[in-house]
1. If the requirement is being under 25 Å from residue 177 (Cβ atoms) and loosely packed, with under 14 Cβ neighbours inside 10 Å, which of these qualifies: 131, 59, 123, 67?
2. Residue check: is residue 85 more than 17 Å from residue 172 (Cβ to Cβ), without any contact (Cβ under 8 Å) to a residue 40 or more places away in the chain and either touching an Asp or Glu at 6+ places or on another chain (Cβ under 9 Å) or among the polar types (S, T, N, Q) (or both)?
3. Quick check on my filter: what residues within the stretch 108-140 are free of Cβ contacts under 8 Å to residues at least 24 places away in the same chain, part of a strand (DSSP E or B) and not charged (D, E, K, R)?
4. Inside the stretch 1-91, counting only strands (runs of 3 or more DSSP E) that do not spill past its ends, which hold 1 or more residues that are within 19 Å of residue 106 (Cα to Cα)?
5. Specify which of the listed residues (105, 99) is part of a strand (DSSP E or B), touching a Leu at 6+ places or on another chain (Cβ under 9 Å) and among the β-branched types (Val, Ile, Thr).
6. Could you grab me the full set of residues in the stretch 172-197 that are free of Cβ contacts under 8 Å to residues at least 40 places away in the same chain and either β-branched (Val, Ile, Thr) or part of a helix (DSSP H, G or I) (or both)?
Amino acid sequence: MPFHPTGLDDLPAEIAVFPLTGALLLPGGRLPLNIFEPRYLAMVQASLGNRRSLGMIQPDRSLPATPNGPGLYRIGCLGRLSSFSETEDGRLLITLAGTIRFQITEELPMRDGYRRVRPDYTPFAADLARPLPPVILGRPALLEALRTYFRAKGIEANWEAVERLDDHALVNTLAAVCPFEPVEKQALLEAPDAAARATMLVTMLRMDSLPGPGQDIRPS
């Protein structure tokens, strides 16, 4: 049965984590993944029996490597496997639904080649709140920054689809799909709440729209 936690006591005390640079899963967001390495196939199979949950986290290249692999950021996001299918060549196509952020308190021994941690969800209990708190930032400011960013990057967008997204879906989708640097993605994950994340997103879009040395952005 699908796992829909309503409180911290419903969350798994130990989770597998998938360290993936540049991949951002936010509470309320979705992340499709194509799983093919044997250790991560084993990770997904095990997670199906652990409340259909696993953690997404980014490697932190500023930290020294550990016996288990690269150092990790301390904060990641728990995802629920909301869809799962197997291809003829043995890959797994999954979608994670973001549930709640967590902080690593301890890394556990590896199992079948994948990493596991003991998470602390307490600092992020508000992620489970329903209905979601409003995104305070004015929507026109976000869309204006997005249009400028897409024009600067030469990205074509389906604006009808963009404008159909509600505020939370818009912020989560843009944070996940825009090609920000890993450290910027981590900053978005660690933003205190949706309102702060939206404000940070607008700032990043505007900064990344600025022309570099020798470049000139002209109105289209």
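The values are calculated or read from the model by the stated rules, or taken from the named source; none is laboratory data. Values in this document were obtained by computation on a predicted structure and should not be read as measured data. Note that we place each Cβ from the backbone using ideal geometry, even for glycine, and neighbour counts take in every protein chain shown.
1. 131
2. The answer is yes for residue 85.
3. 109
4. Qualifying strands (runs of 3 or more DSSP E): 15-19, 53-57, 75-86.
5. Of 105, 99, the one residue that is part of a strand (DSSP E or B), touching a Leu at 6+ places or on another chain (Cβ under 9 Å) and among the β-branched types (Val, Ile, Thr) is 99.
6. Residues satisfying the conditions are 174, 177, 183, 184, 187, 196.
This table checks each residue for (1) more than 18 Å from the chain's Cα centre (by Cα); (2) in the same structural domain as residue 177 (by TED's automatic domain parsing); (3) surrounded by 20 or more Cβ atoms within 10 Å (Cβ to Cβ).
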| position | (1), (2), (3) |
| --- | --- |
| 23 | no, no, no |
| 28 | no, no, no |
| 32 | no, no, no |
| 42 | yes, no, no |
| 46 | yes, no, no |
| 50 | yes, no, no |
| 55 | no, no, yes |
